[in-house]
Every structure is written in C-alpha cells, then in structure tokens.
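The values are calculated or read from the model by the stated rules, or taken from the named source; none is laboratory data. Note that the coordinates shown come from a computational prediction; the quantities given were computed from them, not determined experimentally. As a convention, Cβ positions derive from the backbone with ideal geometry for all residues, glycine included, and neighbour counts pool all protein chains shown.
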C-alpha cells in the first residue's frame with residue numbers, strides 16, 4: 001500500500017472515530033486498518049493515535065498531521081474530479097439528511113422533479129430534527145436551518161424562509177386580529193414542542209429581536225397537527241411560511257403581525273470537504289437552491305397578498321415594521 005493510501009486510511013479512521021467503522025467504509029477488517037495506521041506511524045517515527053479498548057484520539061503530532069493530510073487529499077481529489085467532471089454525469093446513491101418540516105413540505109414535493117432530471121441518481125432522504133455526524137454516518141449532504149460554526153464541514157447557504165404567524169378566518173371572526181405583539185396576551189397561541197418545551201415565538205421589535213414564550217392550552221410536537229389545529233380555528237401558530245403556503249393560497253389560513261416578522265431564517269447545506277466537487281452532490285445543491293429562489297413548492301408571499309393578509313393586519317402602509325412594545329421583549333404571553 002502506497003503512502004497516499006495509508007494517509008487515506010488514517011484520515012478515515014479519524015473521521016469515523018473507530019477502526020471498525022473505518023474498516024466497514026473501506027472494505028477492510030478492523031485489524032487490517034490498525035496495521036495500516038501502525039505502518040504509517042512506523043514510517044513517520046511518531047505516534048499519531050492514542051488507543052484504548054473503547055476509543056481512539058489524536059495525539060498532538062497526529063492532529064497536526066491529520067490537518068495537513070486533509071488538505072493534501074482534498075487537493076488531490078479536486079484535481080481528479082476536475083479532470084473527470086467534463087465527462088462525468090451525476091450518478092450513484094445520494095444520501096441526504098434534513099429536518100422533518102423541510103422534508104415534508106419543501107424537499108419532499110420536489111423529489112420527483114429531481115429524480116426525473118437525474119435518472120442515474122438514487123436518493124436516500126432521511127428526515128430528523130437532531131444534528132448528526134455526516135462523515136460517521138456516511139451522509140453526503142445535511143440540510144439544516146442553522147450554520148454550524150467551527151465545524152469541519154463545508155457550509156453553503158441555500159436560501160432563507162420567513163417565520164410567520166397565521167390563523168383561520170373562523171378564529172379571527174371570533175377573537176379578532178392581533179395588531180401588536182403585546183396583543184397576543186389576549187389570543188390562543190398554539191405552541192410547538194421541542195424536547196418537551198414549547199419553542200418561543202420570535203419577532204422583530206423596535207430595538208431588536210423579541211422572544212415570546214407561549215403558555216397556551218395546546219402545545220404539540222407535530223407540524224401537521226399544528227397546522228390542522230390552526231385550520232380548525234383553535235388558535236394562532238407561528239411557522240415557516242412554506243409550511244402553510246397551500247393554506248395561504250386557498251384562504252384556509254391568513255397572516256397577521258406581518259410588520260413584526262423576525263429576519264428570515266437562513267437554510268444551509270453542510271457536507272464534507274471532499275464532497276463538494278462530486279457531481280451528484282453539486283447538482284443536488286443547485287437544485288435545492290433553485291427551490292428557494294423560485295419560492296416553490298408554493299409562493300407564500302404571493303398567497304399572503306392574494307388573501308389580503310396585510311390589509312387585515314391593520315398596517316397603515318407607512319412602514320410600521322418593528323413597532324412592537326418594549327414590554328413584549330423576553331416576555332411570557334398567557335393565551336386563552
């Protein structure tokens with residue numbers, strides 16, 4: 001085995017944090033992987049890894065060597081892929097991990113178009129709301145609503161989504177429409193549970209971001225149930241715009257508090273350095289970015305205009321965004 005192959009095995013062990021997992025990914029036995037790393041250490045005359053029966057960790061020399069090896073391997077792969085890119089069509093199995101609500105209401109509906117456009121690509125789409133280690137799990141791309149800082153992964157911004165407050169016409173007929181954030185104290189706010197706790201509602205205030213905690217009668221941890229409860233007139237919900245795009249178009253839900261929306265939430269794709277030039281990954285990233293640019297599947301802004309949400313929201317048209325009362329900052333809203 002040449003030195004580049006040994007370096008490849010070493011970096012795979014570090015990424016996988018296990019001789020066993022690295023062997024499974026490389027088609028080698030754990031003992032075979034261990035021998036390769038030992039041979040590399042002998043060649044260099046330094047210990048690269050600390051080994052115990054349960055874990056491995058980098059030595060100081062190993063950490064410095066790993067960092068340089070990553071750059072060397074990435075440049076080598078870039079060179080190889082650049083030569084092959086012109087004659088290589090996207091193909092193979094693409095493994096993508098995304099949050100549930102993004103998968104159900106944005107990525108999921110777009111999958112048929114992607115597979116039709118790239119018939120040689122197969123797609124494994126996993127939907128879950130917790131962060132994973134894509135290298136250890138063999139995932140090509142992770143789509144998330146936050147950028148991972150100090151991460152070894154490449155972060156590419158795909159677009160952004162609005163966070164909106166919506167309710168059913170039947171609810172507004174009974175309870176009226178909130179015009180300021182402080183008005184939510186008089187309304188039924190349906191909360192979304194995450195980890196057993198209702199997520200705070202976010203708004204833009206006159207002096208900065210505003211966080212409001214809902215303590216209403218109904219809290220759920222399922223986006224579909226949240227949406228159905230709002231459609232049934234049980235109360236207001238705060239969700240990402242694309243989540244209720246169809247309901248806004250049909251008039252089943254209408255927007256309120258548009259002048260107090262927080263800044264749009266950015267959506268990022270995270271992937272290992274060596275994946276960025278792989279054709280199947282590249283075309284998927286471009287495809288998802290095009291979804292956000294086009295507003296598909298569902299242009300919620302157009303829907304909001306169509307059902308007159310801005311008019312019902314009591315906006316004067318004079319740029320009143322951010323007039324929420326200072327009393328609402330970091331407050332708890334008691335809802336009916």
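Among the residues of segment 207-243, the ones that are more than 17 Å from residue 104 (Cβ to Cβ) and assigned to a strand (DSSP E or B) come to 10 in all.
Rundown of residues vs (1) in a helix (DSSP H, G or I); (2) modelled with pLDDT of 90 or more, yes/no style:
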{"site": "102", "(1), (2)": "yes, no"}
{"site": "105", "(1), (2)": "yes, no"}
{"site": "108", "(1), (2)": "yes, no"}
{"site": "113", "(1), (2)": "yes, yes"}
{"site": "123", "(1), (2)": "no, yes"}
{"site": "132", "(1), (2)": "no, no"}
{"site": "135", "(1), (2)": "yes, no"}
{"site": "139", "(1), (2)": "no, no"}
{"site": "143", "(1), (2)": "no, yes"}
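On the stretch given as segment 177-196, residues that are outside any loop (DSSP other than H, G, I, E, B) and over 20 Å from the mean Cα position of the chain (by Cα) total 8.
Among the residues examined, residue 174 does not qualify as at pLDDT 90 or above, under 25 Å from residue 289 (Cα atoms), out of contact with any strand residue (DSSP E or B) (no Cβ under 8 Å at 6 or more places or on another chain) and in a helix (DSSP H, G or I). When residues in segment 1-20 are screened for being more than 12 Å from residue 49 (Cβ to Cβ), outside any helix (DSSP H, G or I) and in contact with a helix residue (DSSP H, G or I) (Cβ under 7 Å, 6 or more places away or on another chain), 1 of them pass.
For (1) surrounded by 14 or more Cβ atoms within 10 Å (Cβ to Cβ); (2) in contact with a helix residue (DSSP H, G or I) (Cβ under 7 Å, 6 or more places away or on another chain), each residue gets a yes or a no:
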{"position": "22", "(1), (2)": "yes, yes"}
{"position": "25", "(1), (2)": "yes, yes"}
{"position": "55", "(1), (2)": "no, no"}
{"position": "80", "(1), (2)": "no, no"}
{"position": "83", "(1), (2)": "no, no"}
{"position": "88", "(1), (2)": "no, yes"}
{"position": "95", "(1), (2)": "yes, no"}
{"position": "106", "(1), (2)": "yes, yes"}
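Would you pick out the residues in segment 240-269 that are under 30 Å from residue 11 (Cα atoms) and in contact with a helix residue (DSSP H, G or I) (Cβ under 7 Å, 6 or more places away or on another chain)? 267, 269 - these are the residues of segment 240-269 that are under 30 Å from residue 11 (Cα atoms) and in contact with a helix residue (DSSP H, G or I) (Cβ under 7 Å, 6 or more places away or on another chain).
Just one of the numbered conditions (1) in a helix (DSSP H, G or I); (2) crowded, with 16+ Cβ neighbours inside 10 Å is not true of residue 204: (1).
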